[in-house]
Each structure stands twice: as structure tokens, then as C-alpha cells.
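Okay, structure first, notes after.
The values are calculated or read from the model by the stated rules, or taken from the named source; none is laboratory data. If you're wondering where the values come from, they're calculated on a predicted model, not measured in any experiment. No Cβ is skipped: glycine too gets one built from the backbone with ideal geometry, and neighbour counts run over all protein chains shown.
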Amino acid sequence: MWVLRRLLRKKKRRTRTTSARRDYVLHKERARVLVHERVAFWAPRIGVSPNRIAIRDQRSRWGSCSTKGNLNFNYRLVFLPVELVDYVIVHELCHLHEFNHSERFWGHVEIHLPEYPLHKSALREISRLGLSRKGNTAIVAA
Ligand SMILES: [Zn+2]
């Protein structure tokens, strides 16, 4: 009985979601799989082990890192080319070594992604076009 009740509750919640929320719900599982896969690849290479990983609907950031080693990633990463996904992930993982944007931090990033300045500027350009605007990712994918 509690299962049925739970299903009903779930259904009710779904009908209340807005379209922006629906986008997030639609893509966040795919984002979670992608992020976990790339973190599993990079973390041992970088020599870090993140604490908790969360996928969020962030308006202005692709990723973030807390002093506790918790990483947050934007679900919109699923719309980016994989090299930019890797850049965001390597960037946040390197913050587990250096919690700043010092030369030492960028040195860590460079070891793993020597072409990171290209990725950094590509990502900045995408963000300038409007991270939260729908359709912006189509420009990137082209
Ligand atoms: Zn950073």
C-alpha cells in the first residue's frame, strides 16, 4: 500500500514541475552517469578522491568544489563536447589539491590537460552566450 501511495505522490509532484525543472529532471540522470564515469577516470590519475558528488541546476557555474571535498556539477554538462566535460571535471578535481586559482593550481591542470587554455576560453565563450538560455548548447555542438 505504501508503494502505491508513494507512486501517487510521485505522480502528483511530476505534474507540478515547470518546464525548466522538467529539463533538469530529464537530463540529470544522464549527467550523473557521465560525471561519475569521468570522475572515476580522472580522480586516480590526479591522485584525489572526492567526497560527495552532486548534479545541480546551477545558473552560472559548470562546477564547484567545497573545502570538504564535495563537488557539484551542472547538469548541462551533458550538452558539452566531452573534452570540455573533462576540463570542468579535471578543474574541480585539481581544486582538491589547490583550493584556489594560483599558478600551482593551473600547473596541476596543465599536467593532465596541456591544452586547457583552449578549453577554458571555449567554455568562457559558451557561458558568455548564456549558460541558462535554452539552445545555447546547439551552437557548441555544431
Ligand atoms: Zn576553479
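Only a single item in (1) more than 13 Å from the ligand (Cβ to nearest atom); (2) charged (D, E, K, R); (3) within 9 Å of the chain's Cα centre (by Cα) is not met by GLU83, and it is number (3).
Looking across the stretch 88-121 at every residue that is away from the ligand (no atom under 11 Å from the Cβ) and β-branched (Val, Ile, Thr), the one that is surrounded by the fewest Cβ atoms within 10 Å (Cβ to Cβ) is identified as ILE111. The single condition from (1) at pLDDT below 95; (2) out of contact with any Phe, Trp or Tyr (no Cβ under 7 Å at 6 or more places or on another chain) that ARG52 fails is (1). Taking the stretch 67-96 as the range and being polar (S, T, N, Q) and out of contact with any Phe, Trp or Tyr (no Cβ under 9 Å at 6 or more places or on another chain) as the test, the residues that pass are ASN70, ASN72. Those strands (runs of 3 or more DSSP E) of the stretch 47-97 in which at least 1 residues are in contact with a helix residue (DSSP H, G or I) (Cβ under 8 Å, 6 or more places away or on another chain) and of a type in the set (Val, Ile, Thr), considering only elements entirely within it, cover 53-56. Taken together, the criteria exclude ARG22 from residues that are at pLDDT 95 or above, within 26 Å of PRO81 (Cβ to Cβ) and assigned to a helix (DSSP H, G or I).
Taken over the stretch 58-87, the residue count meeting the criterion of being among the β-branched types (Val, Ile, Thr) and buried (at least 22 other Cβ atoms within 10 Å of the Cβ) is 1.
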